[in-house]
Amino acid sequence: MDRAAIDTVEAALLSHRVGTEFDAVVLAGPRQNGHTTKAGAARSTIQIAEPAVTGYCVGNLQPGTVVRVKPVAADIARRTVQFVPAGPTPTGS
């Protein structure tokens, strides 16, 4: 499936859930090649399970850890979802 189509579906799935908290697994931390936001903040790759969405979360997060995140924007036209950390790591992680 084309990445643009996947990005569109992910944004649509979260468009009505902006501000909702989710548990997420950190897939990758910021890369040395400038994997940052336009404002220069580090961002890490995360994945939430339900709905199954992979995206970027602001922060220098440790790969393999479980974090609490929330989408602060989901733009279907631009095919983007922006996550920020939402709170402490869930217990049992």
Taking interchain pairs and intrachain pairs at least six residues apart, which have beta carbon atoms under 9 angstrom, with the first residue in the stretch 54-82 and free of Cβ contacts under 8 Å to residues at least 24 places away in the same chain and the second of a type in the set (A, V, I, L, M, F, W, C)? Ala77/Ala11
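Yes/no matrix, rows are residues, columns are (1) at pLDDT below 95; (2) over 10 Å from the mean Cα position of the chain (by Cα):
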| residue | (1), (2) |
| --- | --- |
| Thr36 | yes, yes |
| Gly40 | yes, yes |
| Gln47 | no, no |
| Gly55 | yes, no |
| Gly59 | yes, yes |
| Lys70 | no, no |
| Asp75 | no, yes |
| Thr89 | yes, yes |
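The values are calculated or read from the model by the stated rules, or taken from the named source; none is laboratory data. Small disclaimer: the values here were computed from a predicted structure and weren't measured. Methodologically, a virtual Cβ is constructed for each residue, glycine included, from the backbone with ideal geometry; neighbour enumeration extends over all protein chains shown.
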